[in-house]
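Colleague: First, the structure itself, so that you have it in front of you.
The values are calculated or read from the model by the stated rules, or taken from the named source; none is laboratory data. This is a predicted model, so every value here is computed, not measured. Cβ atoms come from the backbone with ideal geometry, glycine included; neighbour counts cover every protein chain shown. Just the protein is used for accessible areas: all its heavy atoms, side chains included, with ligands, DNA and RNA removed. Shrake-Rupley method; radii C 1.70, N 1.55, O 1.52, S 1.80 Å.
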Amino acid sequence: MHFSKTYTQLLLSLPPDLRENAMDYRQLKKVINCIVIELSGLGLKPAILHELIEASEGVIPAAGTIHEETTLEVPPPAQSISEPDDGSSSTDLPPPSPAESAAETWFSPIPRVVYELNSISGRIEPKLRIWISRPAPEMEVSKDVGVHLSRALEALQLDEEGEALEVEGSVVGSHKSLLWSLQQKGFEGAQVEDRDGLDQLIPGSSMQEIVVPLVHDTEFYSLLSGKLESISEHLTGLQTEFVDSLQELSRTIGDTTHPASVAASFQPLSSITTDAGSVRVKTGELKSDLYSWREIFQIYLEAEVFEAVGERTRGERTVEESEKRLQQFAQRVTQNGLGDTRKFKLKQSIEALETFLSLNLFILNIKKFSHANSEATRKILKKHAKRTSLFMPVLPPGILPRGGASPPLALMANSTTTFSLPRILVQAIGEKLLPIISSIEDYSCLICTSIAFKPIRLSCGHLFCVRCLVKMQKRKQGDCPMCRSPSVLVANRTNVDWALLNFMQDWFPLESREKLKMNEKEASEEEMKELGIDPSQPCVVM
């Protein structure tokens with residue numbers, strides 16, 4: 001399937017506002033056809049223009065390097081005749097001097113052509129700069145060369161069927177093309193056809209410079225750069241709206257995920273009022289959707305919808321893979337009963353979940369839109385170069401403004417790369433939304449990897465649960481497992497982190513209560529083993 005049809009079908013799957021601001025691929029193709037007709041009217045078919053530009057690479061001096069005082073002096077070819085010892089005669093021609101080489105290059109009957117983009121005015125204005133050499137009085141140009149070139153150029157104005165090419169009512173094959181006029185001037189002394197004063201004889205030299213503005217090529221780049229600017233402005237506005245919606249969603253989820261401290265029965269603990277050994281966790285009934293949203297965010301992180309975080313597959317995912325993973329995320333949420341009132345206690349949570357899914361769908365559409373426009377721009381530039389042989393050149397030094405490339409050229413340079421807005425939006429979710437609900441992984445013990453309740457902070461700053469610390473002390477392991485600091489054996493009740501203990505029983509009440517039960521059970525089993533009683537055996541009454 002052609003890209004134009006694929007591009008149209010992709011745009012139909014996007015929302016209307018994105019579809020209306022997409023790259024106008026078909027219109028740009030029509031302008032390329034006009035460029036081909038314009039170049040054919042100048043006698044510059046793509047094949048001819050490609051050969052002329054390719055032959056001019058490394059030969060034409062950069063703009064501004066030809067001065068009025070510059071002249072090319074062509075000394076007569078020197079030759080020395082020497083007679084070797086054996087009596088035979090030979091002619092030794094010395095290698096050509098730099099002046100001779102330059103003269104031979106510049107006085108070639110083939111014109112030299114350079115394709116340039118002028119953006120000083122803020123618009124991209126393509127033009128062809130053509131140099132034609134005129135033979136100096138002391139140089140003879142064979143008439144056969146002129147006749148041969150004239151016939152060749154005359155043949156180039158004909159189409160594949162041998163007929164003159166008509167462009168907008170004019171006949172190109174009637175010796176009125178630009179190249180034909182220039183060659184006639186070079187060999188027969190004929191006057192060059194008036195091109196609005198664009199032809200200019202370089203004083204003090206035998207070169208004729210002609211600058212040909214390309215009207216339809218200017219229209220092509222104007223349309224392309226204007227569309228890129230419009231897309232950039234539209235995406236900037238969408239990003240602002242996305243951030244505002246994300247902040248509103250963050251406030252809504254925050255209101256539906258209150259911790260246990262909201263209840264009147266919650267009492268904070270401290271070393272003054274509570275003994276560390278008698279700490280108990282009172283959960284009660286949470287009247288919020290804290291655990292439901294924590295489960296949703298955990299599923300979302302595991303899905304890695306838009307970006308992979310693994311060591312081998314790290315990086316941004318493709319559009320197809322992102323769409324597939326977003327569907328799998330929605331399915332898992334539904335299967336776990338998180339999309340309705342089975343687990344949600346508040347109506348606001350259901351609406352917030354719909355908003356969260358719609359924001360992710362918006363990122364997916366932006367990803368499709370960005371990829372499609374980037375590919376359309378790359379394809380149209382490639383088609384432009386292939387149809388016209390006008391490859392987008394690199395501007396010579398001094399043409400760009402001091403601040404860097406002009407806005408149109410900067411957009412051109414970045415147009416064929418995938419736009420980074422989807423990644424920015426994904427990062428915004430990770431920075432503004434997901435941190436609202438604390439993750440249990442951030443408060444896990446470094447040894448048993450479960451929640452570090454009751455938390456003991458050693459003098460070196462590392463955190464462990466009380467049960468793991470007691471085990472290390474019984475084994476006489478005095479060094480911290482993380483930094484090898486001798487801080488384990490000296491730890492006691494004063495090392496309890498009461499602020500973190502209150503935070504854990506506030507945001508992780510169920511996990512804290514479960515960990516406390518496990519600690520008490522494990523401690524009782526150890527005591528029974530020390531007394532010689534096997535805790536796995538049933539109780540025996542003597």
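Colleague: Can you work out ³J(HN,Hα) from phi for every residue in the range 38-50, in order, using Karplus 6.51 cos²θ - 1.76 cosθ + 1.60 and θ = phi - 60°, giving whole Hz and x for Gly and Pro?
Modeller: Calculated HN-Hα couplings, in order: 5, 5, 5, x, 8, x, 10, 5, x, 5, 5, 4, 4 Hz.
Colleague: Still on this structure: Using the Cα atoms of the range 441-531 to build a convex hull, what is its mean projected area in square nanometres?
Modeller: Over every viewing direction, the Cα hull of the range 441-531 projects on average to 5.9 nm².
Colleague: While we're on this one: So for each of 350-363, 211-224 I average, over its residues, the number of other beta carbons within 10 Å; can you give me the resulting order with the highest mean first?
Modeller: Put in order of decreasing packing, that is 211-224, 350-363.
Colleague: If each residue of separation counts as 0.36 nm, what is the full-extension length gain between His2 and Ala499 once their alpha-carbon separation is subtracted?
Modeller: 172.5 nm
Colleague: Please give the Cα centre distance for the range 1-26 versus the range 357-372, rounded to the nearest Å.
Modeller: Centre-to-centre (Cα) distance: 14 Å.
Colleague: Quick one: order Ser232, Ser487 from most to least accessible surface, probe 1.4 Å.
Modeller: Descending accessible area places them as Ser232, Ser487.
Colleague: For the range 224-269, what Kirkwood radius comes out of the mean inverse Cα-Cα distance, in Å?
Modeller: After inverting the pairwise mean of 1/r, the radius is 14.0 Å.
Colleague: Something else: Anything over 24 Å Cα to Cα? Flag those among Lys5/Lys127; Lys30/Lys367; Lys345/Lys368; Lys29/Lys127; Lys287/Lys521; Lys432/Lys515, in the order listed.
Modeller: Correct reply: Lys5/Lys127; Lys30/Lys367; Lys345/Lys368; Lys287/Lys521; Lys432/Lys515.
Colleague: Also, quick follow-up: Keeping every protein chain in place, order Lys367, Lys476, Lys379 by accessible area at 1.4 Å, biggest value first, i.e. largest first.
Modeller: If we order Lys367, Lys476, Lys379 from most to least accessible, we get Lys476, Lys379, Lys367.
Colleague: Report ³J(HN,Hα) in whole Hz for each residue of the range 339-355, in order, from the Karplus equation J = 6.51 cos²θ - 1.76 cosθ + 1.60 where θ = phi - 60°; Gly and Pro get x.
Modeller: These are the phi-based 3J(HN,Hα) values: x, 9, 7, 5, 10, 6, 9, 10, 5, 4, 5, 5, 5, 5, 5, 4, 5 Hz.
Colleague: Karplus couplings for the range 327-335 from phi (6.51 cos²θ - 1.76 cosθ + 1.60, θ = phi - 60°), rounded to Hz, Gly and Pro as x?
Modeller: Result, ordered by residue: 5, 5, 4, 5, 5, 5, 4, 5, 4 Hz.
Colleague: What order do Phe329, Phe391, Phe3 take when sorted by accessible area (1.4 Å probe), most exposed first?
Modeller: The ordering from most to least exposed comes out as Phe391, Phe3, Phe329.
Colleague: Name the residues whose placed amide hydrogens come within less than 5 Å of the amide hydrogen of Lys454, ignoring near sequence neighbours (fewer than 5 apart) on the same chain.
Modeller: Val466, Arg467
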